[in-house]
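First comes the structure, then the notes that go with it.
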Amino acid sequence: MKNKLIDNSTEQLSMLNTIKACLTQEGLEMVSIATGYWDIPGLSLVIDELESFLKKDDAKLRLLIGKDPYVYASQLKKPKLKSPRFPDDYIKTDINELELIDEYEHTIKFLLENCTEEEPKVEIRIYRTDDKEDAQFLHSKCYIFAGDEDATAGIIGSSNFTEKGLHGNAELN
């Protein structure tokens, strides 16, 4: 992959299309992503490419995120309304308990199948403290695609691994 600016201003310069291209490279073995924010809609945008990538024997996806993922009421089949402003709020819950709208069910199934305790293909960690055990928020955005010489790429910039970060926000990577 050649050096290029990724800013979501066109399809050719979108973070989404760049990640999809990186995930489909021959020889790719490991994808490591550090991001301040991550969400199910963002993962859904690249789910087909991730599934194909993870079918390889030694393939692995590692996510380091700065904050628990948001699940908005608009993503749920049966949201429990607490107040008229509730759709603006988010829900924190265990992934096993989520009843998401049909659009995201496939992505949740993918996570449940690949985030197993034995030989996980997907590892997700939340960065909560520094090496001194002090509370700290990870705000980095770094995407590393590692494999053989032709499948190694890195992206550093402002795009979180969210729907808006991959496709929508004006970003600079």
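The values are calculated or read from the model by the stated rules, or taken from the named source; none is laboratory data. Given the structure is predicted, the values throughout are model-derived calculations rather than measurements. Surface areas here come from the heavy atoms of the whole protein model, side chains and all, with no ligands, DNA or RNA. Shrake-Rupley method; radii C 1.70, N 1.55, O 1.52, S 1.80 Å.
Every Cα-Cα pair in the stretch 10-60 was counted, and those over 15 Å apart are 50% of them. So which of 67/121; 20/121; 67/109; 2/121 end up more than 23 Å apart by C-alpha? Checking Cα-Cα distances, 2/121 exceed 23 Å.
Annotation: amide H-H contacts under 5 Å for residue 25 (H modelled 1.01 Å from N, sequence separation of 5 or more, or interchain): none. Given in Å, the Rg to one decimal and the Dmax to the nearest whole number for the Cα atoms of the stretch 113-165 are 14.6, 40. Per-residue SASA remark: residue 116, around 50 Å² accessible (1.4 Å probe; ligands, DNA and RNA not included).
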